[in-house]
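The values are calculated or read from the model by the stated rules, or taken from the named source; none is laboratory data. These numbers come from a predicted model, not from an experiment. Using ideal geometry, Cβ is built from the backbone for each residue, glycine included, and neighbour counts are taken over all protein chains shown. For the accessible areas, the whole protein counts, side chains as well, though only heavy atoms, and no ligand, DNA or RNA atoms are used. Shrake-Rupley method; radii C 1.70, N 1.55, O 1.52, S 1.80 Å.
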Amino acid sequence: VFGGLVWILIASSLVPFPLAQGWVMFVSVFCFISTTALLFLYIIGAHGGETSWIALDAAYHCTAALFYLSASVLEALTTIFMRNGITYKHYHENISAV
């Protein structure tokens, strides 16, 4: 649920640098879809009681945390650089997206 909300908030933010916006959107969409797929596979019992799923889950969450951290830093950096060039409303929207 929170991944979907982050995805919507990122999509509505105003970032003039397409490369930065592309990476941030990729991270939010990738993590949302991956988390949903892993949850679905866990619910239907695809893990079969294997302990390797614990390692997969831990590796995925470490990767997702690094992706989200990099996206947040990139979004914060672009928000700081464009602080004076956008409206007050868009500035606060970008701060929320960070």
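Output the residue which, of all residues in the range 19-77 that are among the acidic types (Asp, Glu) and over 25 Å from ALA97 (Cα atoms), is surrounded by the fewest Cβ atoms within 10 Å (Cβ to Cβ). Within the range 19-77, the match that is surrounded by the fewest Cβ atoms within 10 Å (Cβ to Cβ) is GLU50. Going residue by residue through the range 16-32, is there one that turns out to be of a type outside the set (S, T, N, Q) and at positive phi? Scanning the range 16-32, I find no residue that is of a type outside the set (S, T, N, Q) and at positive phi, so the answer is no.
Restricting ALA11, ALA59, ALA20 to those that are at pLDDT 90 or above and of a type in the set (A, V, I, L, M) reduces the list to ALA59. Here LEU5 fulfils each of the conditions (1) open to solvent by less than 70 Å² (accessible area, probe 1.4 Å); (2) under 30 Å from LEU77 (Cα atoms); (3) of a type in the set (A, V, I, L, M) apart from (1).
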